[in-house]
1. From B:Thr305, B:Thr235, which residue is hydroxyl-bearing (Ser, Thr, Tyr), surrounded by fewer than 19 Cβ atoms within 10 Å (Cβ to Cβ) and out of contact with any strand residue (DSSP E or B) (no Cβ under 7 Å at 6 or more places or on another chain)?
2. Being in contact with a Leu (Cβ under 6 Å, 6 or more places away or on another chain) and among the hydroxyl-bearing types (Ser, Thr, Tyr) narrows it down to one of B:Thr194, B:Thr305, so name that one.
3. Residues being more than 9 Å from the ligand (Cβ to nearest atom) and either more than 14 Å from the chain's Cα centre (by Cα) or surrounded by fewer than 24 Cβ atoms within 10 Å (Cβ to Cβ) (or both): count how many of those fall in the stretch A:88-105.
4. Please return the ranges of helices (runs of 4 or more DSSP H) entirely within the stretch A:142-184 where 1 or more residues are within 15 Å of the ligand (Cβ to nearest atom) and within 11 Å of another protein chain (Cβ to nearest Cβ).
5. Among the residues that make up the stretch A:52-66, is at least one of them within 16 Å of the ligand (Cβ to nearest atom), more than 14 Å from every other protein chain (Cβ to nearest Cβ) and closer than 25 Å to B:Thr270 by Cα?
6. Does the stretch A:119-133 contain any residue that is away from the ligand (no atom under 13 Å from the Cβ) and at pLDDT below 95?
7. What about A:Pro111, is it within 13 Å of another protein chain (Cβ to nearest Cβ), open to solvent by 40 Å² or more (accessible area, probe 1.4 Å) and in a helix (DSSP H, G or I)?
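The values are calculated or read from the model by the stated rules, or taken from the named source; none is laboratory data. Just so you know, these numbers come straight off a predicted model, no measurement behind them. Glycine gets a Cβ as well: all are built from the backbone with ideal geometry, and neighbour counts include every protein chain shown. Just the protein is used for accessible areas: all its heavy atoms, side chains included, with ligands, DNA and RNA removed. Shrake-Rupley method; radii C 1.70, N 1.55, O 1.52, S 1.80 Å.
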Amino acid sequence: MPVMQGAGTINQALRRLPTGPGYLVGLVPAAYWITLAFQNRLGADPVRTLEHELGIIALQFLVAALAVTPLRELTGVSFLRFRRMFGLLAFAYAILHFTTWLVLDRQLDWPRILADLVKRPYIILGMTALLMLIPLAATSFDRAVRWLGGARWRRLHRLAYPATALAAVHFIWLVKTWPLEPLLYAAVVALLLAWRARGAVFSRRRRIRGQRAA
Amino acid sequence: MRRKLGYADVTPKNLYLSRRTLMAGAAGLAAGALLPGGALARIAAEASPYSIDATPTAYEDITSYNNFYEFGVDKGDPKAHAGALTTEPWSVVIDGLVGRPGTYPLEDLVAPARLEERIYRLRCVEGWSMVIPWIGFPLADVLSRAEPGSGARYVAFETLMRPEEMPGQRGFFQPLDWPYVEGLRLDEAMHPLTILATGLYGEELPNQNGAPLRLVVPWKYGFKSIKSIVRITLTADQPPTTWNLQNPREYGFYSNVNPAVDHPRWSQATERVIGGGIFAPRRETELFNGYAEEVGHLYAGMDLTVHY
Ligand code: HEM
């Protein structure tokens, strides 16, 4: 495993950081955007701005969670202790994003909400991503890991990959042209998926080689 | 909601432009940026029976939330970057099937016009709307003066192409093909609701809103109302239009506001109202943006789901 110079020092510093307050820090942007929205300081189209900011942050936390392993393998720097927090914050932001859509954007107009949920591909993708995150959030506690067993827990939590991919496509699907931002996110997510796939292929090869040797 | 149409309603409001104020208005248009203290000229304009009875959206919102991809794809980009656009001198080429083709200086187009205030709702294809008090005059005036030929059936419009001043037209990532082009059927173009705007809120158009001259077709989605026009061409055949070229399945030539014809990716049944804060109720979108009575006949017998 390649190790970047100074990775040890960084890891030592990271180990000293407590995770608990991280949740509060992670929710500061939500508090910030929601406060501005209530003060009507988000410009001409505040609902859309709030919806977008919360959606972007949800996607960023998903990407951060998926980047933990590649980063450790590439540089030796380990955010492993924070991965659960990234995932749960992603879930929190996705819920806030969805709630903004339901309450402020669609204004609880249920017939049209249901129509959108079955008819609009970008909404279906976003909803599927959110639904996939629910079992992950629900089994993010230590007791759930013990209860499921490590292997099953890890298999379940691979859902984070398709969920993030769907969210990235959801982003692309709702824009009118081909602006850079959603494409960049999609490219990063594709790289993370490719890394993961590569890892899977390698470990299978290693396993097979191991079996042959035995 | 709209006031009933009819010439009896066109009561003179003592706002008729005298020749002097008219010239001052036109000069103000050209020289607005040079006025002392940077003050914009107040443009004198008549009230119009075509205005809707709705409270205009705040000036700040109208001038900071724009789709004008020549300056960037974000809503704030036009305001941030359009200041650099030189709008004078400005002229418009009028050509194609007209009796009097030529390059018309902006002043020559605006000076003979009787400027009116038209309060219209602008409905964007993205699903939001705002109410804008435009200052302008009927496009029909300009077209009539150019004398459309008997074979003319469509009007094509073109926006300025000037990458030095329009950052959205430079660089590696181009969202659309430039120059931006739009088109109308001749009867749509001649309709009295269709105007060329030179101002809003009694002031000359800010660059981000399409200065110095833009089209406003209130019963169509906003992207049909092409900005910063440099060419108007009368044609026999339906002209190409930018968004239709970009995605023909999603953006048709007509692009009339219609709550019953959804965008393939989102519903057009309702719209977010700009400027009302986060609890502003959505609006039910109206057929032809509320102008069904005035323009419905233009599309008699047409299947609007086919000609979207
Ligand atoms: C994991 C879940 C989700 C993630 C990560 C996510 C992420 C995003 C992102 C990044 C954007 C674009 C923001 C921008 O343009 O700046 C967005 C927009 C949006 N999302 Fe989601 N989303 C998720 C789930 C959902 C769900 C469940 C819904 C609704 C059912 C939804 C509805 C929307 C809407 C309506 C927009 C804005 C569309 C517009 O511009 O009009 N999203 N989302």
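1. Details: B:Thr235 fails: out of contact with any strand residue (DSSP E or B) (no Cβ under 7 Å at 6 or more places or on another chain).
On inspection, the qualifying residue turns out to be B:Thr305.
2. On the way: B:Thr305 fails: in contact with a Leu (Cβ under 6 Å, 6 or more places away or on another chain).
Only one candidate qualifies: B:Thr194.
3. Step one: list which residues in the stretch A:88-105 are more than 9 Å from the ligand (Cβ to nearest atom), which gives A:88-89, A:92, A:96, A:99, A:103-104.
Cutting the leftovers down to either more than 14 Å from the chain's Cα centre (by Cα) or surrounded by fewer than 24 Cβ atoms within 10 Å (Cβ to Cβ) (or both) gives us A:88, A:92, A:96, A:99, A:103-104.
Here the count works out to 6.
4. Values: elements: A:142-148, A:150-157, A:160-173.
In the stretch A:142-184, A:160-173 are the helices (runs of 4 or more DSSP H) which contain 1 or more residues that are within 15 Å of the ligand (Cβ to nearest atom) and within 11 Å of another protein chain (Cβ to nearest Cβ).
5. The initial filter retains those residues of the stretch A:52-66 that are within 16 Å of the ligand (Cβ to nearest atom), namely A:52-66.
Now drop any that are not more than 14 Å from every other protein chain (Cβ to nearest Cβ), which leaves A:55, A:57-66.
If we keep only those that are closer than 25 Å to B:Thr270 by Cα too, we end up with A:55.
The answer is yes; a qualifying residue exists.
6. The first filter runs over the stretch A:119-133 and keeps only residues away from the ligand (no atom under 13 Å from the Cβ), leaving none.
No: zero hits.
7. Working: within 13 Å of another protein chain (Cβ to nearest Cβ): yes; open to solvent by 40 Å² or more (accessible area, probe 1.4 Å): yes; in a helix (DSSP H, G or I): yes.
Considered against the rule, which asks whether it is within 13 Å of another protein chain (Cβ to nearest Cβ), open to solvent by 40 Å² or more (accessible area, probe 1.4 Å) and in a helix (DSSP H, G or I), A:Pro111 comes out as yes.
Conditions tested, residue by residue: (1) within 11 Å of chain A (Cβ to nearest Cβ); (2) at positive phi; (3) assigned to a strand (DSSP E or B).
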residue: B:Asp262; (1), (2), (3): yes, no, no
residue: B:Arg272; (1), (2), (3): yes, no, yes
residue: B:Gly275; (1), (2), (3): yes, yes, no
residue: B:Glu293; (1), (2), (3): no, no, no
residue: B:Asp303; (1), (2), (3): no, no, no
